[in-house]
Every structure is written in C-alpha cells, then in structure tokens.
Amino acid sequence: MWLALDLGNSALKGGLFDAGQLVHTFRLAAQDPSRLSEELAAELAGRSLTRAAMASVVPARTPVVQEAVQRYAKVRPALIRPDWQLPFTLAYETPHTLGTDRLAAAAAAWVTYGQPQHRPVLAILAGTALTIEVIDEQGCYQGGVIAPGPQLMQQALAQGTAQLPEVPLEWPRSPVGRSTQAAIQAGLLYGFVECVKGLLRRLSSTFVTAPVVILSGGWAALLKQHAAIDVHDPHLVLRGIYHLLELNPEQGLP
C-alpha cells in the first residue's frame, strides 16, 4: 500500500492507494504538531506501507509528519521535488520555487484529464491560496496563477483597516450589501468567484483548443456553482503524488 500526503497551511490530507486505487482518505488539522502526530498514528495503525511521498507548503511542520510516518509505518515519506521525473516538461523559470502541491496537482490533471484527450489543462486549487496550473496540449507546464483565497482576503481587510471587522464567510443574499457585514461578504465571495472566472477566461484565451478545467480544494463547492468547471476532483493532489511516485521508483521506499 502506498501513502500520499499533502501538508497544507490548514490541514494534512492523506490518501492510501492499493494497486493504483485510492481506497482511503483522511484530513487532519495541522496547527498542533503533537496532536497531528497522534492522529496520524491512529490513521496508520495496522497499515502495511511499502512507499510514501508528500507535498508540503509548510516546511516547519514537514519533519514532524515525516518522523511520525517513519515511526508508525516504518517508511519515511519522500518530499516531492521539481527535479524528479515528471509527466510533462517544465517551462517554469524558477522551478526551485514551485510549490510541490502545485506540481502534484498539475501531474494528476495532465495524466488523468489532459493527455488522454490531447487537450491543454487548467488545474485549480482553491484553498487558503488560489492557484491555477497551466499545461499546454504538448504536455509542457507553462506556469500559472497565485492569488489569495477568501480567508486571506478577509484577514487582510480586517488587519489592514481600523474599523472593518472579520465576518463569517457566508454567501450574502445579494451582491449589494445592505449592511457592513453583508458588503464585506459580497466583496469577498462574489469577488473571489469573479476573480476565478476572469482568470479562467484569460488563461483559456491563450489556447486554440479549449482546455479541460479541473477543480479541487476547500472552496470547490462554492466555485463549481458559479464557474465553468469540467471536472471536480477533490483528491487531485493526492492522485498527483501517486503518479509522481510511479514515475520515480527509487523514491519513498522503506
């Protein structure tokens, strides 16, 4: 059984693959390292792992996760790197700065959706940050977009102003806010949706062939109601980690 881990700013997502099939997933809060280690131990209890890899955007917590998996499952997760064998070529000018979650999402999007149809792909991760990965129909990773998600916009607005409060991130009744709270909610959520729609329109215009648009992340439920999405794949990053392990047989071994 193979283990794929995606350590993000707010949570650790995990997936267990058996003979190429995703058979179990879990999500653990990532803020408390000791609790994270305990909960990870419970998830791995009785599991026989042969390989493991992880994407991480939180370097300070990465060793905690690696050591916990090694302690309880006897295999140390390999950290994905841009110098691994990839299913596409890279046109990115600074690959050493490319987030490994973005790399994994792009890998899954291309292998699963773009390559079989000979079409470009736009892979959206809508979480703490919004990212959109761009791969052309020749299988070249061109780069993408990074922007704040609704929570970061909310925090910036509250912290950067004297009188505007943090508000619940709930969909307002109207785009016209009839109270300060509703006005902020409209700006954050309608603004986020329109940001994504506008970016998709601009990115799609760079291709002759219409791209496959794949969506994943915590804000997917909101976006798929309002944007033109072809595929909602909630486990896109985990699938990408699995594909990268497949391509790099020397990585993630006990």
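No value in this document is a laboratory result; all are computed from the given coordinates. In this text the structure is predicted, and so the values were computed from the model without any measurement. Cβ sites come from the backbone with ideal geometry, for glycine too, and all protein chains shown count toward neighbours.
Table for the structure above
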quantity: GLN181-ARG201 pseudo-label distance in nm [points 7 Å out on the Cα-to-Cβ vector]; calculated: 3.2
quantity: Helix axis angle, 150-159 relative to the chain longest principal axis, alpha carbon, degrees; calculated: 60
quantity: Cut-off 9 Å between beta-carbons: net charge of the residues surrounding MET1, Lys and Arg +1, Asp and Glu -1; calculated: +1
quantity: Residue among GLN154, GLN225, GLN185 with the largest mean-square fluctuation in a Gaussian network model of the chain, springs linking Cα atoms under 10 Å; calculated: GLN225
quantity: Extension gain, LEU253 back to SER174 (0.36 nm per residue minus Cα-Cα distance, nm); calculated: 23.1 nm
quantity: Per-pair calculated FRET efficiency, R0 = 30 Å: VAL231 and GLU38 via Cβ, rounded to 0.05; calculated: 0.30
quantity: Of ALA147, ALA104, ALA19, the one that fluctuates the most in a GNM where the chain has Cα springs shorter than 10 Å; calculated: ALA19
quantity: Where labels lie 7 Å past Cα in the beta-carbon direction, separation of ALA221 and PHE26 in nm; calculated: 2.2
quantity: Amide proton proximity set for LEU215, modelled H, under 5 Å, gap of 5+; calculated: ILE124, VAL231, HIS232, ASP233
quantity: Using a Förster distance of 30 Å, the FRET efficiency for ASP18-GLU137 (Cβ separation, nearest 0.05); calculated: 0.40
quantity: Rounded tilt (10° steps) of 62-73 against the dominant C-alpha axis of the chain; calculated: 40
quantity: Under 15 Å, Cβ to Cβ, from ALA228 - net charge with Lys/Arg +1 and Asp/Glu -1; calculated: +3
quantity: Gyration tensor verdict on segment 89-240 (Cα atoms; rounded if a/c is under 1.5, prolate if a/b is larger than b/c, oblate otherwise); calculated: prolate
quantity: Net charge of Cβ neighbours under 15 Å - reference ARG201; Lys, Arg +1; Asp, Glu -1; calculated: 0
quantity: Cβ-based exposure ranking for ARG35, ARG239, in which fewest neighbours within 10 Å come first; calculated: ARG35, ARG239
quantity: Burial ordering of ARG61, ARG173, ARG102, fewest other beta-carbon atoms within 10 Å first; calculated: ARG173, ARG61, ARG102
